[in-house]
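*Asks:* Could you have a look at this structure, given as structure tokens, before my questions?
The values are calculated or read from the model by the stated rules, or taken from the named source; none is laboratory data. The structure presented is a predicted model; accordingly, all values stated were derived computationally and were not measured. Note: ideal-geometry Cβ built from the backbone for every residue, glycine included; neighbour counts use all protein chains shown.
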Amino acid sequence: MTHTATFMTGSSFVPVLLRTLAAALLLLLLASCADMTVPAMPETAVEDDTQEPEETQAEDSPAEAQPAQEEPDESVTVVEPADFVLDATATEVRFLIEETLAGNHKLVVGATSTVSGAFRATSSDLMATIFEPVVIDAATFVTDSDRRNGAINRFILKTSAYPEIVFTPTGFSEVPAMVEVGQEFEGRLEGTLSVLGKEIPLSFALSARFASEYEFTGSGTTTISREEWDISVPMPPLVTWVADPLVFEMDFTAKAEQTDQ
């Protein structure tokens, strides 16, 4: 059996080689184009990512700026200061002291309305209140007994030598900075009290309100140590005990002159 070997001639080999090279070049060209188009997508994505925070920030910025704006509170009425004077017809100062009389417990109350005083105040700024002294006519305290009244004037308050009890306020404490007219508030009124020629710091627990722009009402209470103030109480046979300290109270109304608006 004869085997026949067939060889490509030069004329048939060249076209085959050219087609092979052309195909390889085409594949390389396509691969190169693919490499060039791939980076374009991340660049677009990066641009979109950088724009979104700006848009979000632009949308959020008005909301963030809004709380920082301080709008005036139109519900608060600013009241100009006025000069208030204690109304003696609606003001009373009292002392309250307990005793044992003839074996029975008794609460002795002495009261007077002979009181004077003034202050400059506004509900818009309580801490700016300016006070004048509150002067009490010590000889005008009245109890339920004329004999006791005489003893108070002669032996206890010694009103012939010390006719006045004077409270000199220095200012409010523990009160709101401002209140609305008609709003009741609580706090303290600080000052010094002069009794029997002796001055000692004193603090009243206070409850008060501006009933109107031209009327200020309230009440205050404090305690006084008889020993600290050198207040001696005579002990007649029927009185076996007198309390120490005693309570000092004040109910007051102060009015200001109304001005034409």
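*Asks:* Closer than 21 Å to S116 by Cβ, assigned by TED's automatic domain parsing to the domain that holds D87 and either of a type in the set (G, A, S) or surrounded by fewer than 17 Cβ atoms within 10 Å (Cβ to Cβ) (or both): does that describe G182? Let's see the steps before the verdict.
*Replies:* Values: closer than 21 Å to S116 by Cβ: no; assigned by TED's automatic domain parsing to the domain that holds D87: yes; either of a type in the set (G, A, S) or surrounded by fewer than 17 Cβ atoms within 10 Å (Cβ to Cβ) (or both): yes.
The answer is no for G182.
*Asks:* When residues of segment 113-148 are filtered for being more than 20 Å from T91 (Cβ to Cβ) and over 41 Å from the mean Cα position of the chain (by Cα), how many remain?
*Replies:* Number satisfying all stated conditions: 5.
*Asks:* Taking the residues in segment 222-261 that are among the hydroxyl-bearing types (S, T, Y) and out of contact with any Ser or Thr (no Cβ under 9 Å at 6 or more places or on another chain) as candidates, determine which candidate is modelled with the lowest pLDDT. Break it down stepwise before answering.
*Replies:* So the first thing to find is which residues in segment 222-261 are among the hydroxyl-bearing types (S, T, Y), and the list is 222-223, 225, 232, 240, 253, 259.
Remaining after also requiring out of contact with any Ser or Thr (no Cβ under 9 Å at 6 or more places or on another chain): 223, 225, 232, 259.
Numbers: T223: 95, S225: 92, S232: 89, T259: 68.
So the residue we want is T259.
*Asks:* Let me ask something additional. Residues that are within 24 Å of the chain's Cα centre (by Cα): list the strands (runs of 3 or more DSSP E) wholly contained in segment 186-261 that include at least 3 such residues.
*Replies:* On the way: elements: 198-212, 215-224, 239-242, 246-256.
The strands (runs of 3 or more DSSP E) meeting that bar are 198-212, 215-224.
*Asks:* Based on what the data block shows, is G171 closer than 23 Å to R94 by Cβ and either outside the structural domain of E228 (by TED's automatic domain parsing) or out of contact with any Lys or Arg (no Cβ under 9 Å at 6 or more places or on another chain) (or both)?
*Replies:* On the way: closer than 23 Å to R94 by Cβ: no; either outside the structural domain of E228 (by TED's automatic domain parsing) or out of contact with any Lys or Arg (no Cβ under 9 Å at 6 or more places or on another chain) (or both): yes.
Judged against the criteria, G171 is not a match.
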